[in-house]
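> My questions all concern the structure below.
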Amino acid sequence: MLTHDEDLIAYGYDATWFDAAALLVVRPETVEQVAQIHRLAHREHIAITPRAMGSGLSGGAMPSSGAIVLSVSRMNRILEIDAVNRVAVVQTGVITADLQRAVEERGLFYPPDPSSLRQCAIGGNIAENAGGARCLKYGVTADYVTALQVVLSDGTTIRTGGKTVKNVTGYDLRALFTGSEGTLGTVTEATLRLLPKPKLVRTALAAFDSIENAASSVAAVMASGVVPTAVELLDSLTIACVNDLQPGVFPAQSDALLIFAVDGNYEQAVAGDLQQIEAIAREHGANTVIVASGEDESERIWDARRSVSPALARRRPNKLGEDVCVPVSEISTMIARVREIARRHELLVPIFGHAGDGNLHPNILCDRSDREEIARVREAAREIFEAAIELGGTLSGEHGIGVLKKQFMERDLGTDVLALMRRIKDAVDPAGIMNPGKVFPERGGEDAFRLE
């Protein structure tokens, strides 16, 4: 148990700039210890904020004031890799990249790959239903959860799901808890579906003088019948920031860059897909197309892509990392809207993201200590959310809602859906102690939206 001020500060924030003071921090090593903590908190009416590695981007792991932070970081064992049933059974403190390495040594593959995969843990991935670049072909975390062990608010421990490929017995509680952001219980163990590891992975870059041409190229690729593993987009400001941190990886003097990945088991098929993608990119205005010569060059490209967040952090003291998702057909329009919003509010807003599935990350660069600038950031963020919803999109593709976007939930989901979600929350957590203040808007509507 941690109670010193410096520990409470360290566990009081995530990768956003929000923070709060925890009552104390507990780091259990067994599910029974988790259950004991829950029973105590339930009896004393003390809030619990489950926490994995705190790398989230929506404030979900930030404790409500006076809450117990329940860290699963010590529950970090890979319990089983079952090659026959193609599943891994893990505790939720396991780092995502560690799981990927372990299963790939067995010729297997765990596809979800959030950019923070070297820091984030499976528990946080499940809480936020995390995604990543490979979601385009392989789907998000929820598509790989076959079973969960969950401690409910009163200390009751349940298991839902199993190792079977098919399981339609009763309600799909795995889906309910995945993406619930710790508001329904603490997930302590997960059984995750694995795939055979693809034998070949190829990477290519395409540079464009116009981001609109890049967006049209994405739409054309997605309509062509080719199924890329990933299609990543970076705008000119993002490229410049990454090149400052890792010079020479990305072509400079471009308005936009696309990174394509293709995988498979047959060289001819993979090469054919890559040739088709290159032809489409050039047809839509790509002035440069570079195909990685081998694994080292490919990894260099993806390392640079994963460095976007720290690269942007070097430009201004703070950044508000957004996570809207729109239909692929609306990417160009959404980018134009974001650029217009940035211009009107006189803000730096680099745009990057998983363009193949419409998941864009406009990051608003700013200085949190400048109250006038933060007022403009608040309005710009509001307009970005509204634009995504107007274009048939949604508030989040993979980062979750947390405290950052909860005041826009009703606008996105509607009154009746939000009311149903509240009833589910009340039924599963009647004491209201599980991660309070997250996901659900405060009474009083969107006026409660704050960034200070």
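> If you average the sequence gap of Cα pairs under 8 Å that are 6 or more apart and divide by the length of region 14-95, what percent do you get for the contact order?
Values: 152 pairs, mean separation 28.7, N = 82.
Contact order relative to length: 35 percent.
> Based only on other Cβ atoms within 10 Å, what is the fewest-to-most ordering of His399, His354? The partial results should precede the final answer.
Working: His399 27, His354 23.
Final ranking by Cβ density, sparse to dense: His354, His399.
> Something else about it: Check Thr288: other-chain or 5+ apart residues with amide H under 5 Å from its amide H, H built from backbone geometry?
Residues meeting the criterion, in which the H sits 1.01 Å from N, are Ala207.
> If you don't mind, another one. Once the Cα atoms of helix 295-306 and of the chain are each reduced to a long axis, what angle between those two axes, in degrees from 0 to 90 to the nearest 10, is obtained?
Roughly 60 degrees, rounded to the nearest 10.
> Along the charge dipole of the chain, pointing to its positive end and built from +1/-1 on Cβ of Lys, Arg, Asp and Glu, which listed residue (Tyr266, Ile277, Thr188) has its Cα farthest out?
Value: Thr188.
> Out of (i) 36; (ii) 16; (iii) 25, which label holds the value of percent of Cα pairs over 41 Å apart that was computed here?
The calculated read-out lines up with (ii).
> Follow-up question, since we're still on this one. Assuming a ≥ b ≥ c are the square roots of the Cα gyration tensor eigenvalues, decide whether region 300-404 counts as rounded (a/c under 1.5), prolate (otherwise, with a/b larger than b/c) or oblate. Present the calculation step by step, with values, prior to reporting the outcome.
Numbers: a/c = 1.67, a/b = 1.12, b/c = 1.50.
Note, shape of region 300-404 comes out oblate.
> Which of Ser254, Ser216 comes first, and how do the rest follow, when ranked by fewest Cβ neighbours within 10 Å? All intermediate terms of the calculation are to be shown ahead of the outcome.
On the way: Ser254 24, Ser216 18.
The most exposed by this proxy come first: Ser216, Ser254.
> How large is ³J(HN,Hα) for each residue in region 125-138, as worked out from phi by the Karplus curve 6.51 cos²θ - 1.76 cosθ + 1.60 (θ = phi - 60°), to whole Hz, x for Gly and Pro?
Per residue, the Karplus-derived 3J(HN,Hα) values read 4, 5, 4, 9, 6, 5, x, x, 4, 6, 4, 3, 8, 10 Hz.
> In whole Hz, with x marking every Gly and Pro, tabulate ³J(HN,Hα) for region 147-164 from phi via Karplus 6.51 cos²θ - 1.76 cosθ + 1.60, θ = phi - 60°.
7, 9, 10, 10, 9, 7, 4, 8, x, 5, 10, 10, 10, 9, x, x, 8, 6
> What is the order of Arg314, Arg368, fewest Cβ neighbours within 10 Å to most? Let's see the in-between values first.
Numbers: Arg314 10, Arg368 16.
Going from least to most buried by this count: Arg314, Arg368.
> Can you give the relative contact order of region 316-404 as a percent, counting alpha carbon pairs under 8 Å and 6+ residues apart? The partial results should precede the final answer.
Numbers: 143 pairs, mean separation 36.4, N = 89.
Relative contact order for region 316-404 comes out at 41 percent.
> What is the set of long-range amide H partners of Asn129 at a cut-off below 5 Å, with H atoms built 1.01 Å from backbone N?
Gly179
> Return the whole-Å distance between the Cα centroid of region 26-86 and the Cα centroid of region 279-357.
With region 26-86 and region 279-357 each reduced to a Cα centre, they are spaced 33 Å.
> Do you know the relative contact order of the chain, to the nearest whole percent, from alpha carbon pairs under 8 angstrom that are 6+ apart?
Working: 996 pairs, mean separation 71.6, N = 452.
Here the relative contact order equals 16 percent.
> Express in nm, to one decimal, how much length is gained between Arg159 and Gln119 on full extension, taking 0.36 nm for each residue of separation and deducting their alpha carbon distance. List each step's numbers first, then the result.
Working: separation 40, 0.36 × 40 = 14.40 nm, distance 2.67 nm.
Length gained between Arg159 and Gln119: 11.7 nm.
> So how strong a dipole does the chain carry about its Cα centre when Lys and Arg Cβ are +1 and Asp and Glu Cβ are -1, to the nearest 20 debye?
Working: 46 positive and 60 negative charges, 177 e Å.
Dipole magnitude for the chain comes out near 860 debye.
> Still on this structure: Using modelled backbone amide H atoms (1.01 Å from N, in-plane), which distant-in-sequence or interchain residues come within less than 5 Å of Phe109's amide H?
Leu195, Lys197
> For the Cα atoms of the chain, what angle does the longest principal axis make with the long axis of helix 331-344, in degrees from 0 to 90, nearest 10?
Approximately 80 degrees, to the nearest 10.
> Which residue, Ala380, Pro317, Gly397, has the largest displacement toward the positive end of the dipole of the chain when charges sit on each Cβ (Lys, Arg +1; Asp, Glu -1)?
Sorting the options by dipole projection puts first Gly397.
> Once the Cα atoms of helix 211-223 and of the chain are each reduced to a long axis, what angle between those two axes, in degrees from 0 to 90 to the nearest 10, is obtained?
Around 80 degrees separate the two axes.
> Once you've got the Cα coordinates, tell me which of Lys405/Lys438; Lys137/Lys319; Lys137/Lys197 are over 21 Å apart. If you can, show how the numbers build up before the last one.
Numbers: Lys405/Lys438 9 Å; Lys137/Lys319 29 Å; Lys137/Lys197 14 Å.
The answer is Lys137/Lys319.
> What value, in deg cm²/dmol to 500, does the helix sum -39500 (n - 2.57) over DSSP H runs of n ≥ 4 give at 222 nm once divided by the residues of the chain?
Values: 15 runs with 156 residues, N = 452.
The helix contribution divided over the chain gives -10500 deg cm²/dmol.
Laboratory data are not the source of any read-out in this text; all were calculated from the coordinates shown. Note that the structure is predicted; figures quoted are calculated from it, not measured. Here Cβ is always computed from backbone atoms with ideal geometry, including for glycine, and neighbour counts include all displayed protein chains.
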